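The values are calculated or read from the model by the stated rules, or taken from the named source; none is laboratory data. Predicted, not measured: the structure shown is a model, and the values here were computed from it. All Cβ positions, glycine included, derive from the backbone under ideal geometry; neighbour counts span all protein chains shown.
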Amino acid sequence: MSRYDYDLITLGAGSGGVAGSRYAASKGVRVAICEDSRVGGTCVIRGCVPKKLFMYGAQFSDAFADAAGYGWTVPEPSFDLAVLAAAKAKETDRLEGIYRKLLADSGVTLIDGRGRLLDAHTVDIGGKRVTAERILIATGGKPAAPAIPGIELALTSNELLDLTERPARLLVLGAGYIAVEFAGIFRGFGSAVTVAYRGDAPLRGFDEDLRRRLATELGNRGVALEAGFAPAGIERVGAEFIVRSADGRELRADAVLNALGRVPNSRGIGLEEAGVEIDAKTGAVVVDGFSRTTLPGVFAVGDVTNRVALTPVAIAEARAFVDTEFGNTPRHIDHSLIASAVFSQPPIGSIGLSEEAAKARGLRVTVFESDFRPMKNTISGRTERSYMKLVVDSTTDKVLGLHMIGTDAGELVQGFAVAITMGATKADFDRTIAVHPTAGEEFVLMRTPRKAG
């Protein structure tokens, strides 16, 4: 008989927590998981899934506009955000039900309530103490709340997804994933959108050619860009919001979105008190390569560790944790080569090193690129372009980075990510026969390097 109630208790029923708990249960492990909100976490309830449904809804504005070029006569369209919001809510409810059933069918005990770590083997859940041999922290992340006067007046992505009326003017603070995605979505809905950010271009950390082109395409879609804007305060005057910057600029809107980043959801759940080290600067739970915290017996995966805040990464980390601790197969996740997509309009897909990052490592690189107007846009009259880029090691011929902005970028990069992960060379790309006519064929047809400078 075990001296613990369970072999594993997981705090947080998001993607990583659910995946790890179910996988552990499949190995005969006695598992409990606790959640003080909805099962499914950020991705299913208030992130990836509802956001992409909104993106699909916004793209109909393009379809209606392009239809005439293809011979269709479309009546003047109108948009009702309340209808989409209701459909989105119904779908997230359905998915939450599926997640709950998956846990139950796996034999995982779901305990509703907020878990608080008391020691390496004890969790308080709503006043009840539950023990386990191992504890997994998978509490995810949450929107950041920078020390800006009036920041509480701004919406976060959580609230924006629940709006039933479209704001006539939306001001987005920030220029990361969330900022540019919602800027494109609400512009597609018909809102006047302004994106204000501290830097010189959106999506810091991405390849500079993608950043520059995204800024151009956002502008072409009517999104106003306010670069170098450091918000210093938000004020509400009647029904209007006024946001002032450190340099004295003033922007007005009917709604403000705080898209100034996300932080690990690590505070207020007893971690530091129990002996789990938290990074003072980022709030991340400090872990090693095997997701072990500084408190033996306690582990952490996903956004709460601030390694790579992506749903598939959290799931992979959780499964690696289970294999290591319960499957007698120690393994860890390589975070150095992970594909990602930004569902901006147009979308971005990327894997590997940017040109700038490769050069910063002292590597000699050869760049191949293709910049073209997609076939679909030629008849519709849309001017939006697609851009693809390969960053190749000049010495080894290995493809170090593959980047794209344009229609279906995420879908295309997912496929090419397999090749990049396997270590494909430019010669491998060159000997691959193209599928014609497609956009993806451009990646295997690039023959002439970009001229230096």
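Within the set GLY41, GLY71, GLY12, GLY97, the sole residue that is among the small types (Gly, Ala, Ser) and closer than 25 Å to GLY275 by Cα turns out to be GLY12. Filtering the stretch 236-262 to residues that are closer than 24 Å to LEU203 by Cα and either crowded, with 22+ Cβ neighbours inside 10 Å or touching a helix residue (DSSP H, G or I) at 6+ places or on another chain (Cβ under 9 Å) (or both) leaves VAL243, ALA253, ALA255, VAL256, LEU257, ASN258, ALA259, LEU260, GLY261, ARG262.
Checked across the stretch 422-432, the condition of being closer than 24 Å to GLY188 by Cα, within 28 Å of the chain's Cα centre (by Cα) and in a loop (DSSP other than H, G, I, E, B) holds for no residue.
Here SER266 passes the criteria (1) over 16 Å from ALA120 (Cβ atoms); (2) outside any loop (DSSP other than H, G, I, E, B); (3) of a type outside the set (Phe, Trp, Tyr) except the one numbered (2). Of all positions in the stretch 27-37, at least one carries a residue that is out of contact with any Ser or Thr (no Cβ under 8 Å at 6 or more places or on another chain) and of a type in the set (Asp, Glu). Would you mind telling me which numbered condition in (1) in contact (Cβ under 8 Å) with a residue 60 or more places away in the chain; (2) outside any strand (DSSP E or B); (3) touching a strand residue (DSSP E or B) at 6+ places or on another chain (Cβ under 8 Å) PHE299 fails? So the condition that PHE299 fails would be (2). Considering the stretch 402-415, and only residues there that are surrounded by fewer than 23 Cβ atoms within 10 Å (Cβ to Cβ) and not β-branched (Val, Ile, Thr), the residue that is farthest from ARG212 (Cα to Cα) turns out to be GLY415. Out of ASP105, ASP119, ASP80, one residue alone is at pLDDT 95 or above, surrounded by 14 or more Cβ atoms within 10 Å (Cβ to Cβ) and not basic (Lys, Arg). It is ASP119. For first residues located in the stretch 369-391 and among the small types (Gly, Ala, Ser), partners that are assigned to a helix (DSSP H, G or I) and lie 6+ apart or on another chain with Cβ distances below 6 Å form the pairs SER370/GLU442; SER380/ASP66; SER380/GLY69; GLY381/GLY69. Just one of the listed residues (ALA86, ALA25) is surrounded by fewer than 17 Cβ atoms within 10 Å (Cβ to Cβ), in the same structural domain as PHE321 (by TED's automatic domain parsing), of a type in the set (A, V, I, L, M, F, W, C) and in a helix (DSSP H, G or I), namely ALA86.
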